[in-house]
Amino acid sequence: MVTASRAPRASRSRTAAPDPAPASAPAAPRRQGLQLLALALGFVMAVLDTTIMNVAGPSLRGGLHLSLSGLTWVISGYILVFASLLLLAGSLAGRYGARRTYLAGLALFTAASLLCAAAPTAGVLLAGRLLQGAGAALFMPSSLTLLLAAFPGTRERARVLGLWSAIVSTAAGLGPALGGVLVDASGWRSIFLINLPFGIAGLVLARRVVADLPGRPAALGVGGHALGLLALAGLSYGLIQGPERGWTDDGVLGALALAVLGGAAFALRERRAEERILPAALLANSRFRAASLVGFLFNFAAYGTPFVLGLFFQQARGASPMEAGLELLPTQIVWPLGNILYTRYGRRLGDRAALAGSLVVAAAGMLVLALTVSPGTPYWVLAVVLGVLNTAVGVASPAMTGALMDAAGAEHAPIAGAALNANRQIGSLVGVAVMSAVVAGGGGWYTAVAVVLAVAAAAYGGGALAAGLGLRARRERARTAFG
C-alpha cells in the first residue's frame with residue numbers, strides 16, 4: 001500500500017531522528033497519525049490562543065489594570081508581529097530546514113506563553129504576546145511544508161489536509177467556550193498556561209516522528225524583509241487603530257502612508273534584486289497568484305463577518321455575551337464538517353473545483369442573508385444558513401491550501417506557505433477594518449449587517465471567480481505547449 005511504504009523511507013532521512021524500533025507496514029498508519037498530530041499541534045495552540053483571548057478581555061483589564069488601548073495592543077500585537085514576520089520565516093525554513101524552523105517556533109511560542117502567564121505587568125504581557133507572534137510566524141509555514149512532504153501522494157494529501165484542517169477548525173470553534181471555562185475557574189493566566197502541554201507535546205512528537213527537509217544555502221534578503229515588515233507593520237497599525245482613533249488621525253494616516261511607501265520600496269527592490277524573497281518563477285505562476293488572491297478574500301469574509309455578528313447578536317437582538325457565544329457556536333463548529341467533506345470528495349473533484357464550488361455556496365448563503373435579514377428573522381433561519389455556508393467555507397480552507405502548495409511545488413513550498421499565511425492575515429485585518437467601518441457608518445444595525453453580508457458575499461464570489469479562472473489558466477497553457 002502506498003501510504004504504508006512512504007513513511008518508513010521518510011524516517012530514514014539522514015537528518016531525521018532515528019525510529020525507536022524498526023518500522024513495519026502495520027505501524028505505518030500509526031506513525032503517519034503521529035506525524036499529523038505533531039504538525040497540527042502548533043496550529044491548534046495558536047488558534048486556541050487567539051480565540052480564547054477574545055473572551056478574556058475583561059479579566060485581563062481588571063487583573064493588570066489595562067486601559068482599553070492597552071488591551072487592544074495585547075490582543076492585536078500578536079497579529080501584527082505574526083503577519084509581519086511570515087515571509088522572513090518562510091525564507092528561514094528554506095535556508096535552515098523546515099523541521100528546525102518549526103521546532104524553533106514551537107519552543108519560542110511555548111516559552112512566550114509561560115512568560116505571559118507569569119507577567120506581573122502589562123508591559124511584560126505585551127512583550128510575551130509579541131514573542132508569541134514571532135513563534136507562530138516561524139512554525140506555521142513550516143508545518144504546511146512538512147505536512148505535504150510527509151504525505152506526498154495526491155490522495156494522501158487531500159485526506160490529510162482535510163483532517164488537519166478539521167483538527168484546527170475544531171479548536172477554533174471550541175476556543176471561546178474553553179476560554180470562558182478557564183477564566184471563570186482559574187483566572188486569565190490559565191489561558192496562557194493551557195498552551196504549555198500542547199507546545200511540549202508538539203516538540204517531543206516532531207523531534208521523534210517528523211523527518212527533516214534539508215535547507216539550501218541562499219541569501220535571506222534581509223533588506224527586502226525589512227521593507228516588507230515595515231509595510232505590513234504600518235498597514236497593521238493603521239487598520240487596528242483606525243476604527244478607534246479615527247481614519248483622519250495623524251498617526252493612522254502616517255502608518256498607512258508608511259505602508260504604501262514600504263510596499264512600493266519592497267516591490268522595487270524585488271524587481272532589481274538578484275536574490276528575491278518571492279522567486280520570479282513563483283510570481284509568474286498564475287495559479288500561485290490566483291490562490292494567493294483567494295486566500296486574502298477568504299479571510300476577509302471569514303474573519304470580518306463573525307466579528308460583526310458577535311456584536312449584532314448582542315446589540316441588535318439583545319443577547320448576553322454568553323448567549324451570543326452560544327448562538328455563534330453552531331455556525332462556527334461546522335467548519336470541521338466541511339474539512340471532512342473535503343477529505344472524502346476533494347480528491348475526486350480536484351482542488352480547483354472543490355474550492356470554486358464551495359466559495360460559490362458561501363457567496364450564495366451570504367447573499368441570501370443580506371437580502372432577508374430583518375428584525376423579524378428568527379434565529380434558526382440565521383443559524384441554518386450560516387451553518388450551510390460555513391460548512392462550504394470548511395471545504396474551501398484545505399482546498400485553497402492544497403491548490404497553492406500544488407502550484408508552488410516542493411522547491412518553493414516554504415515561502416509559498418508563508419506568503420499564503422501572510423495574505424490571509426492581511427485579509428483578516430482588512431476585513432475587520434472594513435466591516436467595522438460599515439457598522440460605524442450608521443443607518444441602524446440591520447442595514448449595516450445587510451451591507452456587511454453583501455460585502456462578504458462579494459468577497460467569496462470574487463474568490464470563486466479567481467479560483468475558477470486563475471487555477472485553470474496554467475493548465476490550459478501547459479496543454480497548449482505540449483500539444
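Between a first residue in the range 133-144 that is of a type in the set (A, V, I, L, M) and a second residue that is open to solvent by 10 Å² or more (accessible area, probe 1.4 Å) and modelled with pLDDT of 90 or more, which pairs have beta carbons less than 6 Å apart while being 6 or more apart in sequence or on different chains?
As it stands, the answer is Leu138/Ala104, since those pairs meet every condition given.
In the range 95-113, what residues are in contact with a Gly (Cβ under 6 Å, 6 or more places away or on another chain) and buried (at least 24 other Cβ atoms within 10 Å of the Cβ)?
Result: Gly105, Leu106, Phe109, Ala112.
Could you list all residues from the range 407-437 that are of a type outside the set (A, V, I, L, M, F, W, C) and over 18 Å from the mean Cα position of the chain (by Cα)?
Matches in the range 407-437: Gly409, Glu411, His412, Ser436.
Cβ contacts < 8 Å: first residue among the β-branched types (Val, Ile, Thr), restricted to the range 106-120; second residue open to solvent by 60 Å² or more (accessible area, probe 1.4 Å), any location; separation 6+ or different chain. Result?
Thr110/Ile200
Quick one: Leu311 ticks every box in (1) closer than 22 Å to Ala457 by Cα; (2) modelled with pLDDT of 75 or more except a single one, so which number is it?
(2)
Within the set of pairs 6 or more residues apart or between chains, which connect a residue that is more than 14 Å from Phe298 (Cβ to Cβ) inside the range 463-478 to a residue that is at pLDDT 50 or above and outside any helix (DSSP H, G or I) with Cβ atoms less than 7 Å apart?
Once the first residue is more than 14 Å from Phe298 (Cβ to Cβ) and sits in the range 463-478, its partners that are at pLDDT 50 or above and outside any helix (DSSP H, G or I) give Arg474/Asn285.
Go through (1) at pLDDT below 75; (2) in contact with a Cys (Cβ under 9 Å, 6 or more places away or on another chain) and name the single condition Leu131 misses.
Of everything listed in (1) at pLDDT below 75; (2) in contact with a Cys (Cβ under 9 Å, 6 or more places away or on another chain), Leu131 misses just condition (1).
So for the range 334-352 (the condition being modelled with pLDDT of 80 or more, basic (Lys, Arg) and in a helix (DSSP H, G or I)), does at least one residue qualify?
yes
Looking at Ala448, is it under 23 Å from Val160 (Cβ atoms) and among the small types (Gly, Ala, Ser)?
No; evaluated as a whole, the condition is false for this residue.
For the condition within 26 Å of the chain's Cα centre (by Cα), in a helix (DSSP H, G or I) and at pLDDT below 85, what is the one hit in Gly242, Gly262?
After applying the criteria, what remains is Gly242.
Report every pair of residues separated by at least 6 positions or lying on different chains whose Cβ atoms are under 7 Å apart, first residue within the range 257-272 and free of Cβ contacts under 8 Å to residues at least 60 places away in the same chain, second open to solvent by 60 Å² or more (accessible area, probe 1.4 Å) and in a helix (DSSP H, G or I).
Close Cβ pairs (under 7 Å, with a partner that is open to solvent by 60 Å² or more (accessible area, probe 1.4 Å) and in a helix (DSSP H, G or I)) amount to Leu258/Leu230; Gly262/Leu230.
The values are calculated or read from the model by the stated rules, or taken from the named source; none is laboratory data. Bear in mind that the values here come from a model prediction, so they are computed numbers and not experimental data. Counting neighbours? That spans all protein chains shown, and the Cβs are built from the backbone with ideal geometry, glycine included. Just the protein is used for accessible areas: all its heavy atoms, side chains included, with ligands, DNA and RNA removed. Shrake-Rupley method; radii C 1.70, N 1.55, O 1.52, S 1.80 Å.
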